[in-house]
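Laboratory data are not the source of any read-out in this text; all were calculated from the coordinates shown. None of the values given here were measured: they were computed from a predicted structure. Here the Cβ positions follow ideal geometry from the backbone for every residue, glycine too, while neighbour counts run over all protein chains shown.
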Ligand code: CP3
């Protein structure tokens, strides 16, 4: 055989055998993934069992999380890779979950853009100097924002090693409209009325704002993939405050740009594209439109009927969700039945079981055990 042919053979062998899960930041090898049901479900491949994970699975319902939080401030945990990894690992020690999600918060982007974000007990996030008028956008510091988020990449890389390939690691970001909302309101809001007023009163500046956030998000997600994130979720949690028309105008174009630009950048750099989930809470009115944005997985809140959702998105999208977090407070028997019913409605193909929003702080630990077991036993 000629040298050329041998070289070609070697290249084909390498292409076939270097797996996605072994490519990380600086292309260092990671432990080989053992349970890839999450990624297979996202790609529409056959699974051994329906994968299940839970939004906010690392959180206050876990006593060990509460203990650690007594010692460390919320953002210190996010910023210290050892602590972020410890908290990310906590739910995996207790439950037979099929995914881990890196411990962080969507509000690390506003921080990296120069805003102060504090986490107040019993209140949630507080931004003491919010963006009030368009002039305030000048206070944002997009240059260098990505380097101020490098600790998230460090935590992801460390976590990939600590996981020893047990389950995939999900990275995440807030979506532009959701982040804009927090940055204008100065924290959470029942109505997002100040942020919605911006859309009406300052439409051009709103576009500037959303585009600035979109750019930061694409950089941030690319960094997470390079660091070792095996899947990504975009949280558009504040979609619930927008009408369908507003969501299509102020949410969708930026969500599309995130997906398109990320795929473009990764492809150009020959970095494997990872599956992406869009979770637009309260946007069940636009499932068809969501399914056309290029995301592999659409997350559903509990107001959406699984069968109707499947009809709207078609057969080539994976659905994720959508048990009401409140159902975690029911008797184990009732919870088991509801979970089984839900899994039967979604089916084993192209489905990732989850709640319809984050798990709440008073949830009994036993409910997580019941949920995970019921999902795995349902089909
Ligand atoms: O899912 C996970 O386990 C990963 C961790 C995670 C957190 N926040 C940790 C957290 C994720 C994915 C988030 C995303 C996030 N953060 C969203 C989108 C998801 C959603 O719930 O809609 C939003 C809107 C935020 C902003 C935020 N951070 C709020 C509104 C709050 C207060 C929530 C509350 O119930 O009080 C936080 C705080 C927060 N983020 C906590 C955790 C575990 C609890 C705070 C604490 O430990 O003191």
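Quick notes
- DSSP-defined antiparallel bridges as percent of all bridges, the range 33-316, nearest 5: 20
- Shown here is the pair-distance distribution of the range 215-373: with all Cα-Cα distances grouped in 5 Å bins from zero up to the longest one, the shares run 1, 9, 18, 19, 18, 15, 12, 6, 2, 0, 0 percent.
- The distance between label points at residue 147 and residue 341 comes to 5.6 nm (points 7 Å beyond Cα on the Cα→Cβ vector).
- Across the range 33-316, C-alpha contacts under 8 Å between residues 6 or more apart give a mean separation that, scaled by the residue count, equals a relative contact order of 17 percent.
- Computed E for residue 80/residue 311 - FRET, C-beta separation, R0 56 angstrom, nearest 0.05: 0.80
- Fully extended contour minus Cα-Cα distance, from residue 334 to residue 119, at 0.36 nm per residue: 73.9 nm
- Each residue, residue 137 and residue 245, gets one label point 7 Å from its Cα in the Cβ direction; the gap between the two is 2.3 nm.
- Potential extension, residue 67-residue 197 segment - 0.36 nm per residue separation minus Cα distance: 42.7 nm
- By the count of neighbouring beta-carbon atoms within 10 Å, fewest first, 338, 248 end up ordered 248, 338.
- Normalised by the number of residues in the range 31-118, the average gap of Cα pairs under 8 Å and 6 or more apart makes the relative contact order 28 percent.
- Extension gain, residue 360 to residue 270, is 28.4 nm, computed as 0.36 nm per intervening residue step minus the present C-alpha separation.
- Convex hull volume per residue for the chain, taking Cα atoms only, in Å³: 141
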